[in-house]
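Just so it is clear, none of the values below were taken in a lab; they were calculated from the coordinates. These figures come from a predicted structure and were not determined experimentally.
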Amino acid sequence: MAETTAERLTRLLALVAYLGEHRGAPVADVAARFGTTEAQVLADVNLLWVTGTPRVLPRRPHRLLRGRARSR
């Protein structure tokens, strides 16, 4: 079943709080914490970065995460 807008928004807001508390968390750990894929975590971080979340995300959002996941 496809994710609803409410579910995605809930995950995005939780992700902001989580990454604020766990800077440098490995992508794989964040994905496991949120029950999603590494590619989705990176897509979420990119979305948050371009929406201008104030003072939580750095200029380079991938600095919040360790490791890289390939987008497919």
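Laid out as a table, the results:
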item: Karplus-derived HN-Hα couplings along the range 9-17 (A = 6.51, B = -1.76, C = 1.60, θ = phi - 60°), whole Hz, x at Gly and Pro; result: 4, 4, 5, 4, 5, 5, 5, 4, 5
item: Per-residue HN-Hα couplings for the range 28-42 [Karplus 6.51, -1.76, 1.60; θ = phi - 60°; Hz; x = Gly/Pro]; result: 4, 5, 5, 4, 5, 4, 9, x, 9, 8, 4, 4, 5, 4, 5
item: Descending semi-axes in Å of the range 1-50, equivalent ellipsoid built from Cα gyration tensor; result: 17, 12, 10
item: Other-chain or far-sequence residues with amide H under 5 Å of residue 25's (modelled H); result: 66
